[in-house]
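Worksheet: the structure to be examined is printed underneath.
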Amino acid sequence: MPTLFSKIISREIPAQIVCEDEHLLAFKDINPQAPVHVLFIPKEEIASADALEDRHAELVGRLVLAAGRYAREAGIAEDGYRLVMNTNEHGGQTVFHLHLHLIGGRPMSWPPG
């Protein structure tokens, strides 16, 4: 069954897409936790970080690099930002398609609220 994110990739569901290439897509979170909250997802369907295999190493690197580029473009890199990848139910994952949150534009606290 296609996930919400698969439907965004296929354009069945609209999203505010901020970058895309042949490997990944990034879009603004519909429930932002900070002024900048963007999700970076692989176009390959991978359920979670726990489902990653050695062959996905380059893909995960592409997600992180794309998030860093976007942070610089958004003007939040110098002050800092958070990259989060929730994994499975107890980790807070609600959509089971691997995704990396870029969150910034305000001071972050720990533990997160």
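The values are calculated or read from the model by the stated rules, or taken from the named source; none is laboratory data. Since the structure is predicted, the reported quantities are computational estimates derived from the model, not experimental observations. Neighbour counts are summed over all protein chains in view; Cβ atoms, including those assigned to glycine, are modelled from backbone coordinates with ideal geometry. Side chains included, ligands, DNA and RNA excluded: accessible areas come from the protein's heavy atoms. Shrake-Rupley method; radii C 1.70, N 1.55, O 1.52, S 1.80 Å.
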Would you please name the residue that is least open to solvent (accessible area, probe 1.4 Å), looking only at residues in the stretch 1-53 that are in a loop (DSSP other than H, G, I, E, B) and among the acidic types (Asp, Glu)? ASP29
Is it the case that some residue within the stretch 54-77 is among the basic types (Lys, Arg) and part of a strand (DSSP E or B)? no
Going by the structure shown, is GLU45 acidic (Asp, Glu) and either touching a residue at least 40 places away in the same chain (Cβ under 8 Å) or touching a Gly at 6+ places or on another chain (Cβ under 8 Å) (or both)? yes
Please count how many residues of the stretch 62-94 are within 18 Å of LEU24 (Cα to Cα) and open to solvent by less than 30 Å² (accessible area, probe 1.4 Å). 5
Somewhere in the stretch 99-108, is a residue in a helix (DSSP H, G or I), surrounded by fewer than 16 Cβ atoms within 10 Å (Cβ to Cβ) and modelled with pLDDT of 95 or more? no
Determine the pairs where a residue that is under 19 Å from PRO2 (Cα atoms), located within the stretch 78-104, has a partner that is in a strand (DSSP E or B) and of a type in the set (D, E, K, R) with Cβ atoms under 9 Å apart, the partner being 6 or more residues away or on another chain. none
